[in-house]
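For reference, the structure is listed below as structure tokens.
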Amino acid sequence: TYFEFLADFNELKKQKGSDGSFVFGKFYPIFSDKYEEGGTAKGDYFHQDLLVARRIFENKPEKHIDVGSRVDGFVAHVASFREIHVIDIRELDNKTKNIVFLQQNYMANLKEGLIESCDSLSCLHALEHFGLGRYGDPINYNGHIIGLDNLYKTLKVGGKFYLSVPCGMPQRIQFHAHRIFTIKYLLKLFENKYRIDHFSYVDFKGDLREDVTLDENGIETNFSLEHRQQYILAIFEMTKL
């Protein structure tokens with residue numbers, strides 16, 4: 001409260017006494033921080049960024065490319081220990097060590113040199129936006145399918161693909177924020193293209209469920225039987241066949 005603030009200030013002023021090392025500037029009260037936790041160690045981005053960055057560190061690929069993931073989260077994590085090539089439809093003013101940027105619309109023909117150009121590829125919390133115009137991309141109802149095809153073309157056979165998207169029921173477009181997929185629909189798109197090595201998800205409470213078995217019940221309910229109108233964040237680690 002403001003009274004606590006004033007009491008603390010008066011105590012600090014008394015301790016300062018005649019010391020001239022610091023002067024007091026304008027008041028800058030922040031009342032909420034002392035009552036909150038020491039940070040947020042949960043949620044979609046927190047868990048996916050750490051999990052996939054850790055898996056890339058453990059798998060030690062020759063070249064990793066990321067398409068559309070969060071730069072101040074996942075990309076920063078990976079760049080702290082290795083080089084990462086970042087692709088986005090928007091420009092990026094980048095002067096950061098270990099981040100190599102290329103501008104590319106992943107619903108268009110790929111630029112020369114991108115075909116089978118890496119043995120490790122990520123697209124985290126991004127594919128659901130393709131073709132909905134939110135980020136300046138052209139409107140395309142099948143944008144996610146075109147994007148997946150181009151991601152497949154980018155990766156070498158035997159390479160790792162890390163993909164995260166929101167999953168829930170019913171499968172829907174919430175224009176122009178994102179699509180919500182069903183796991184069953186995605187598995188059909190992956191069929192004969194990828195082997196699923198690991199599946200994890202972030203639940204409604206923001207907690208990570210790591211290395212979960214993709215059983216029939218989980219696929220049918222999207223691991224969300226009691227919350228059908230909400231969604232989980234599904235995280236796939238796959239190998240290109």
Quiz prompt | Estimated inter-spin distance, Lys205 and Ile139, nm [label 7 Å along Cα→Cβ] | solution = 4.2
Quiz item: What's the longest bit of the chain with no exposed chymotrypsin sites (Phe, Trp or Tyr not before Pro), using DSSP loop states and at most 11 other Cβ atoms within 10 Å as the test?
Solution: 176-241
Quiz item: In whole Å, what three semi-axes, largest first, describe the equivalent ellipsoid of region 78-134 built from its Cα gyration tensor (square root of 5 times each eigenvalue)?
Solution: 20, 15, 12
Exercise. Among Ile84, Ile180, Ile219, determine the one that fluctuates most according to a GNM of the chain built with springs between C-alpha atoms less than 10 Å apart.
Key: Ile219
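If exposed means no more than 11 neighbouring beta carbons inside 10 Å and the site is in a DSSP loop, what's the longest run of the chain without any exposed GluC sites (Glu not before Pro)? Walk me through the numbers on the way to the answer.
Numbers: sites that count: Glu36, Glu37, Glu62, Glu91, Glu112, Glu191, Glu226.
Excluding the exposed sites themselves, the longest stretch runs over 113-190.
Please report, in debye to the nearest 20, how large the charge dipole of the chain is about its Cα centre when each Lys and Arg carries +1 at its beta carbon and each Asp and Glu carries -1 there. Spell out each step's value before the answer.
Numbers: 30 positive and 34 negative charges, 89 e Å.
In total the dipole reaches around 420 debye.
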Quiz item: Which value in nm describes the separation of the simple spin-label points at Lys26 and Asp72, placed 7 Å from the Cα toward the beta carbon?
Solution: 2.3
Self-check item: 11 Å beta-carbon shell around Asn105, net charge (K/R +1, D/E -1)
Solution: 0
Quiz item: What list of ³J(HN,Hα) values in whole Hz, one per residue of region 161-176 in order, does the Karplus curve 6.51 cos²θ - 1.76 cosθ + 1.60 (θ = phi - 60°) give from phi, with Gly and Pro shown as x?
Solution: 10, 10, 10, 10, 8, x, 10, x, 10, x, 5, 7, 10, 9, 5, 10
Quiz item: Taking the alpha-carbon set of region 108-241, what are its Rg and Dmax in Å?
Solution: 14.8, 47
Practice problem: Consider the candidate values [x] 15.9; [y] 17.9; [z] 13.2; state which one is mean projected area of the Cα convex hull in nm² computed from the structure displayed. | Solution: [y]
Quiz prompt | Solvent accessible area, Å² - Lys240, 1.4 Å probe, full protein context | solution = 10
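The values are calculated or read from the model by the stated rules, or taken from the named source; none is laboratory data. As the structure is a prediction and not an experimental result, all values here were calculated from the model. Please note: Cβ atoms are built from the backbone with ideal geometry, for glycine as well, and neighbour counts cover all protein chains shown. Side chains included, ligands, DNA and RNA excluded: accessible areas come from the protein's heavy atoms. Shrake-Rupley method; radii C 1.70, N 1.55, O 1.52, S 1.80 Å.
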